[in-house]
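A.B. asks: Supplied in structure tokens, the structure appears directly below.
The values are calculated or read from the model by the stated rules, or taken from the named source; none is laboratory data. These figures come from a predicted structure and were not determined experimentally. Don't worry about glycine lacking a Cβ; one is built from the backbone with ideal geometry, like all the others, and counts go over all protein chains shown.
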Amino acid sequence: MTPNDFRHMALRLEGAEESSHMGNPDFRVGGHIFATLASQKQGYGNLMLTPEQQSAFVTELPGIFLPVKGGWGRMGATHIRLSAASADVLAGALHSAWKLRVEKNARAGKRSLQKPLQRPGKPSPQQKKSPAKQPGLGSKPRKSR
């Protein structure tokens, strides 16, 4: 597989769009990245997986998948060695990353529709008093202290 194969397969996924992050091509769904070609010069595509998914991919196909170095890798960012991957493996891996992002987007959307949590003792926006009328708008001027 090649970076162009990666790009075409990523863009076939429902709602996927190509964008750019730090000058490198990335692939997003719902505005959030699920894959990148940030390491294409080294022969890799990158997938945003969970650490558990990453472990399963690396264990099953260690010649094709490896964690990205550093903190991103510990959070599930995974290289796929493009020259070693078949079309089916690449398509399946991209689908896994895309599906994970779609599910995260759905959960985030549900949270944003819920009422925001209130801290104890802090009034909600509905409980706050309306601001005092300003002088000249039909109210008495405030006394200075």
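A.B. asks: Of these, T59, T78, which one is farther than 12 Å from P3 by Cα, β-branched (V, I, T) and over 16 Å from the mean Cα position of the chain (by Cα)?
C.D. replies: Residue meeting the stated conditions: T59.
A.B. asks: Out of everything in the range 49-64 that is among the polar types (S, T, N, Q) and free of Cβ contacts under 8 Å to residues at least 12 places away in the same chain, what residue ends up being surrounded by the most Cβ atoms within 10 Å (Cβ to Cβ)?
C.D. replies: That would be S55.
A.B. asks: How many residues are surrounded by fewer than 10 Cβ atoms within 10 Å (Cβ to Cβ) and either within 14 Å of L100 (Cβ to Cβ) or touching a strand residue (DSSP E or B) at 6+ places or on another chain (Cβ under 6 Å) (or both) when one looks only at the range 38-48?
C.D. replies: Total satisfying the criteria: 0.
A.B. asks: What tally of residues in the range 5-25 results from selecting those that are surrounded by fewer than 12 Cβ atoms within 10 Å (Cβ to Cβ) and either closer than 13 Å to A97 by Cα or among the acidic types (D, E) (or both)?
C.D. replies: So the answer is 1.
Let's see how each residue does on (1) modelled with pLDDT of 95 or more; (2) part of a loop (DSSP other than H, G, I, E, B); (3) within 24 Å of A106 (Cβ to Cβ):
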position	(1), (2), (3)
F6	yes, no, no
L11	yes, no, yes
R28	yes, no, yes
K41	yes, no, no
N46	yes, no, yes
P62	yes, yes, no
I80	yes, no, no
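A.B. asks: Going by what's in this entry, would F34 be described as of a type in the set (F, W, Y) and assigned to a helix (DSSP H, G or I)?
C.D. replies: no
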